[in-house]
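The values are calculated or read from the model by the stated rules, or taken from the named source; none is laboratory data. If you're wondering where the values come from, they're calculated on a predicted model, not measured in any experiment. Every residue, glycine as well, gets a Cβ built from its backbone with ideal geometry; the counts of neighbours run over all protein chains shown. The area values use the complete protein model at the heavy-atom level, side chains included, leaving out ligands, DNA and RNA. Shrake-Rupley method; radii C 1.70, N 1.55, O 1.52, S 1.80 Å.
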Amino acid sequence: MMKKNLCYYAACMLAIVQLASCSKNQTVQSNAQNDAATVMSNPQNHAESTLLPKDILNLGPWTLTLPIDNSGSNTGAAITVDSTTLKNGYTSQWLYTSADSGVTFWCPTDGATTTPGTGSDHPRTELHENRLWTVAEKGKLQATLIINQYPPDTPSMTIGQIHGGGTWGSVPFVLLHIKSGTIYGTVYQALTGSADSLHTFIKNVALSSKIYYSIYTNGATVYFNIIVTPVSGSPTTLTWNTPVPAAFKGSVLVHFSAGDYITRHNPGDGLFPNSTIGGKLTMYSLAITHY
């Protein structure tokens, strides 16, 4: 009798194991089908994108400054990539397409700088307009982006500029920058010194919030327009303007810049070029208009 009961118990256990195995296989198959459906309906989630930065942004009007010198190190002056190379499909660890069809700009804190030891001693992965113009010629820069990562100890980066060019190539004019989740605008008042006008625009901008901005000058006034759309919630809009300082009128040449210009430099951490500390943003649209 006992032997018969043991046989019955064993048969029941085998049936339970087979049922559980069948249920598990059905669940795995169902999940796989769901994952495949997600990829098919959202092709930007696919890791293997065939897009290049030039396919997303119009890179024709720009050159690109990289946080690397001409020997592939970080001790010399930063190199630039010309517009022809950008238009021909340039991509690298500093500028590459993201899974959601944007262009990611990555700049480590230990990157090369444009003028090591003097001038602007901070690294950048930043686009610079090829054309030089005066504010009387009028110009507008527009971009849409998200901030992916700040340098942890100095959470700040400049994302858009009107900068001096030619003889005034070392002179900042208009800066749009974000620090610890607050967007600021700076308008310099003179061609020498550090006199500027700093304005707080929008606070509490979380990482991955969509940021649209435009910087426009008609020769007499500089206009800012900013729209921040959080991952969930309502957008915040700001418009602000200020007169063009007298020092920047007349024959002073300027150009637009846009990208990832960080205000932290730590060249001796020993990690370059495989650093993970730095600033990162992803840009989805970029346009220049001259009137």
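The set of residues in region 89-107 being under 22 Å from residue 272 (Cβ atoms), in contact (Cβ under 8 Å) with a residue 40 or more places away in the chain and of a type outside the set (A, V, I, L, M) consists of 93, 96, 104, 105, 106, 107. The residue list 146, 178 contains one member that is in contact with a Lys or Arg (Cβ under 9 Å, 6 or more places away or on another chain), crowded, with 17+ Cβ neighbours inside 10 Å, at pLDDT 95 or above and not in a loop (DSSP other than H, G, I, E, B), which is 146.
The numbered conditions (1) modelled with pLDDT of 95 or more; (2) of a type outside the set (S, T, N, Q); (3) part of a strand (DSSP E or B) are all true for residue 198 except (1). In region 278-291 there is no residue that is of a type in the set (Gly, Ala, Ser) and open to solvent by 60 Å² or more (accessible area, probe 1.4 Å). Do the conditions hold for residue 250, that is, is it open to solvent by 50 Å² or more (accessible area, probe 1.4 Å) and at positive phi? Taking the combined requirement at face value, the residue satisfies it. Of the strands (runs of 3 or more DSSP E) lying entirely inside region 56-134, those carrying at least 1 residues that are touching an Asp or Glu at 6+ places or on another chain (Cβ under 6 Å) and either of a type outside the set (Phe, Trp, Tyr) or open to solvent by 30 Å² or more (accessible area, probe 1.4 Å) (or both) are 62-65, 103-108, 124-129. When region 149-175 is filtered for residues that are over 18 Å from residue 215 (Cβ atoms) and part of a loop (DSSP other than H, G, I, E, B), the ones remaining, listed by number, are 150, 151, 152, 153, 154, 155, 169, 170. Between residues in region 53-65 that are free of Cβ contacts under 8 Å to residues at least 60 places away in the same chain and residues that are aromatic (Phe, Trp, Tyr), which pairs lie under 8 Å by C-beta distance while being six or more apart or on different chains? Every condition considered, the pairs that remain are 53/90; 53/96; 54/90.
Residue-by-condition table, conditions (1) touching a residue at least 12 places away in the same chain (Cβ under 8 Å); (2) more than 24 Å from residue 247 (Cβ to Cβ); (3) open to solvent by less than 50 Å² (accessible area, probe 1.4 Å):
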site	(1), (2), (3)
191	yes, no, no
194	no, no, no
197	yes, no, yes
200	yes, no, no
204	yes, yes, no
211	yes, yes, yes
217	yes, no, yes
224	yes, no, yes
228	yes, yes, yes
